[in-house]
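Chemist: This structure is in structure tokens; I'll ask about it shortly.
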Amino acid sequence: MDGPRSDVGRWGGNPLQPPTTPSPEPEPEPEPDRRSRGGRARSFWARCCGCCSRRNRGDDDWGPEPSGSRSRGSGSRSRGSSSRDRRPDSRGSGINAAGDGTIREGMLVVTGVDLLSSRSDQNRREHHTDEYEYDELIVRRGQPFHVVLFLNRSYESSDRIALELFIGNNPEVGKGTHVIIPVGKGGSGGWKAQVMKASGQNLNLRVHTSPNAIIGKFQFTVRTRSEAGEFQLPFDPHNEIYILFNPWCPEDIVYVDHEDWRQEYVLNESGRIYYGTEAQIGERTWNFDHGVLDACLYILDRRGMPYGGRGDPVSVSRVISAMVNSLDDNGVLIGNWSGDYSRGTNPSAWVGSVEILLSYLRTGYSVPYGQCWVFAGVTTTVLRCLGLATRTVTNFNSAHDTDTSLTMDIYFDENMKPLEHLNHDSVWNFHVWNDCWMKRPDLPSGFDGWQVVDATPQETSSGIFCCGPCSVESIKNGLVYMKYDTPFIFAEVNSDKVYWQRQDDGSFKIVYVEEKAIGTLIVTKAIGSNMREDITHIYKHPEGSEAERKAVETAAAHGSKPNVYATRDSAEDVAMQVEAQDAVMGQDLTVSVVLTNRGSSRRTVKLHLYLSVTYYTGVTGSTFKESKKEVALAPGASERVTMPVAYKEYRPHLVDQGAMLLNVSGHVKESGQVLAKQHTFRLRTPDLSLTLLGAAVVGQECEVQIVFKNPLPVTLTNVVFRLEGSGLQRPKVLNVGDIGGNETVTLRQTFVPVRPGPRQLIASLDSPQLSQVHGVIQVDVAPASGGMNFSDAGGDNRSGETIPMASRGGA
């Protein structure tokens, strides 16, 4: 799983590219060299348009270059006129029409370009990209930006200028990978450039990009034509332009019509991810830093995604869902649910996406390890960074349907003890995925808006481990025939749990159908606060309503067991409720079952309780404690049955997340009613306490104190802290060694903020004995005097720093 793969992804014709190394600092361009006139070759302008190749015609109708000449009758591209050959050279001086670099008297020479790319400049601020820690220009498609050209003389009305953008190895106009924008003329597809001001030898331009433009990193150059000849500006790596999706542009299909949504789902670089169980919800802060744009684009390159398809958010989000996991294509993260993370990082230890994405960009190798919230956190980072409104969503009691029945089938023996070897379907305590906002022109009307994208590799889609985008509206109404992957996602949120009991003759009979057990709560971080928002209603009609039942039965009719509801038995007058106290890791606990007789006759219930540990994915260990009891219930009476569990009983069996599964089954002697319930609960872990020691100012060293108390009576070995914060601290790893049983430790760490405003500093602790320990503090960073921004937030300490015992306070 974690070794190199020969598979190059869905588009096999595109070679797997190794990570690229940054371009070296370019040498200063020489001053334009005005030399004697040389011979004329067929010019760019002659190739670009008919008017320039025929001198007797005016200049009013010149337009963009065709996608390339083709040999008559052959259909193949002529070698001499390929788009790749037209890409400007990145070395040497400007090029004239003859291609020999000769600059003649009177030519319009572009001596320099200012893309106004500084984070404090107008372009970056207007395009909401000033928080990206990049020096290059980053713009959003469908929105104009400004460029200043520096010329060797004043601009004249007879001069002709065209801007050119290139992306990919073989740019073509017809595929949108080679864009030509004649200044002062209407371009194609929404591209155009206008002269805003001509002042001396400076020319201020306003450039409009297409709302359907390909997203990615473009090379930029300029060509001019004057009476004296033609000039081409050599390509300069400093003049590269990133183009992103634009939720602020009404013509872009990712448009979001709420500013507070855009601030939260596009620009917010920190968020909350929820985990645990419905009754015991835990939350952790995640860092969605925008300083990883190159890594996000590298993911598309690594998949071999054609550049021509990168303007479609449906295709881009589907590729990202495939590439964030490592299966099939050597993607970003290796999934691991085994509990053994000795060859990588425990998924619970990550506090953000930066370390993961930068490692993937730097090495080209999949990063160990991830689980659903890590896959979702990285996906949120990537899609927000590319310009898609995206949020992280947690579904509690999330079903994993393995046989497309759209039901969760659980099998028991004659005594209602689970038959684990038959229970292939599972119910995850929680599962985390993503919603991203876009129109769906590939679907009938009515399915725009939130789309589910899930990068956790659970089942294949068209032979590939990816999931979505899937319209939330189609999930809500059980329209499982809508693409992509609606049946699987519907089952995750709205299938029924069907209990099958083995009969004396070996056959199985449905003894109970639990209709409200799956997708019991679906949440995300609220807009503009750290509160939790319940969004169950956008995924499901109210439980038990006619619309909800219709959606379930409509979906089930398209599943592999369409007649499952025909065999239901509905005699029920004894109700059962399961409770577990809110327990902390290392403490004793008690579980309880409350039985209520809602009938008018006496009832006797034979009750069985089986307790086991469980991974959050629903995979259970062996039963380590069980209890059997017969309970007599008078009409209208209730009875509580308790089962105490000591720390020493569950300690040897603990797995990740500290979760346990209580299987409860019962049989009513008088009526034959079968009771069945699965109840999952978790043991809480302590939080890290973070305290800021002093004011935080951009460019000035600041100190934070981290305090942790070991809740267990055993020693924590090989303890690792992680510290990270967007605009505050690049990922930092701290090795602190061992922490004794019930010991308190205090660490102090310094960092240098690089961006002003409210920031989140996030920390985590991990050890083989205890994980899922986190802490966060808000840091309000004051701007530096003079309003300067800094380009790096501390170092990326990948190898880890060992903290000496002397710096560990407390006891």
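The values are calculated or read from the model by the stated rules, or taken from the named source; none is laboratory data. Since the model is a prediction, treat every value here as computed from it, not as a measurement. Cβ: placed from backbone, ideal geometry, glycine included. Neighbour counts: every protein chain shown. Please note that ligands, DNA and RNA were not included when accessible areas were found on the heavy atoms of the full protein model with its side chains. Shrake-Rupley method; radii C 1.70, N 1.55, O 1.52, S 1.80 Å.
Chemist: Probe radius 1.4 Å, ligands and nucleic acids left out: which of K483, K185 has the largest accessible area, and how do the rest follow?
Modeler: In descending accessible area the options line up as K483, K185.
Chemist: Residue by residue, what Karplus-based ³J(HN,Hα) values in Hz, rounded to whole numbers, does the stretch 484-497 have, using 6.51, -1.76 and 1.60 with θ = phi - 60° and x for Gly and Pro?
Modeler: For the stretch 484-497, the Karplus curve yields 10, 6, 4, x, 5, 6, 4, 4, 5, 10, 8, 7, 9, 8 Hz.
Chemist: A follow-up question, please. Just how many % of Cα pairs in the stretch 123-211 lie over 21 Å apart, if you round to the nearest whole percent?
Modeler: Result: 39 percent of Cα pairs exceed 21 Å.
Chemist: Amide H to amide H, which residues 5 or more places from E459 or on other chains are under 5 Å from it, using H placed in the peptide plane?
Modeler: none
Chemist: How high is the relative contact order of the stretch 104-165? Use alpha-carbon pairs under 8 Å, at least six apart in sequence, and give a whole percent.
Modeler: 40
Chemist: Roughly how far apart, in whole Å, are the Cα centres of the stretch 149-188 and the stretch 716-746?
Modeler: 53
Chemist: Now a separate question. Once phi is turned into ³J(HN,Hα) by the Karplus curve 6.51 cos²θ - 1.76 cosθ + 1.60 with θ = phi - 60°, what whole-Hz value does each residue of the stretch 259-270 show in order, with x for glycine and proline?
Modeler: Couplings: 5, 5, 5, 5, 5, 7, 8, 10, 9, 5, 9, 9 Hz.
Chemist: Long-range amide H contacts for V714: which residues qualify at under 5 Å (H placed 1.01 Å from N, peptide plane, sequence gap of 5 or more or a different chain)?
Modeler: Amide H to amide H, under 5 Å and 5 or more residues apart or across chains, V714 pairs with N742.
Chemist: Using the Karplus curve 6.51 cos²θ - 1.76 cosθ + 1.60 with θ = phi - 60°, what ³J(HN,Hα) values do you get for each residue of the stretch 669-681, in whole Hz, with x for Gly and Pro?
Modeler: Running phi through 6.51 cos²θ - 1.76 cosθ + 1.60 with θ = phi - 60° gives 4, 6, 10, x, 4, 9, 9, 8, 7, 10, 10, 9, 9 Hz.
Chemist: What figure in square angstrom, to the nearest 10, would you give for the accessible area of H258 with a 1.4 Å probe?
Modeler: My reading of the accessible area for H258 is about 90 Å².
Chemist: When the gyration tensor of the stretch 358-429 is built from Cα positions, what are the square roots of 5 times its three eigenvalues, in whole Å, from largest to smallest?
Modeler: Result for the stretch 358-429: semi-axes of 36, 16, 10 Å.
Chemist: If eta is 0.890 mPa s and T is 25 °C, what Stokes-Einstein diffusion coefficient results for the stretch 436-536, Kirkwood Rh from Cα pairs, in µm²/s?
Modeler: 155
Chemist: If you scale each eigenvalue of the Cα gyration tensor by 5 and take the root, what three semi-axes come out for the stretch 345-396, rounded to whole angstrom and sorted largest first?
Modeler: After scaling each eigenvalue by five and taking roots: 19, 16, 7 Å.
Chemist: Can you order the peptides 315-324, 776-785 by their average number of other Cβ atoms within 10 Å per residue, highest first?
Modeler: Top to bottom by mean Cβ count within 10 Å: 315-324, 776-785.
Chemist: For the stretch 265-319, what percent of Cα pairs sit more than 17 Å apart?
Modeler: I get 57 percent for the Cα pairs in the stretch 265-319 exceeding 17 Å.
Chemist: Amide H of R532: which non-local residues (sequence gap of 5 or more, or other chain) have their own amide H closer than 5 Å, using H built in the peptide plane?
Modeler: A526
Chemist: How would M482, M531 rank on accessible area, largest to smallest, probe 1.4 Å?
Modeler: Heavy-atom accessible area, descending, gives M531, M482.
Chemist: Still on this structure: Given the pairs K540/K629; K175/K439; K192/K217; K497/K669; K417/K516; K525/K648, which are separated by over 30 angstrom at their Cα positions?
Modeler: Going by Cα-Cα distance, K540/K629; K525/K648 fall outside the 30 Å limit.
Chemist: Here's something else I'd like to know. Just the projected area, averaged over all directions, of the convex hull on the alpha carbon atoms of the stretch 559-692: how many nm²?
Modeler: The directionally averaged projection comes out at 12.1 nm².
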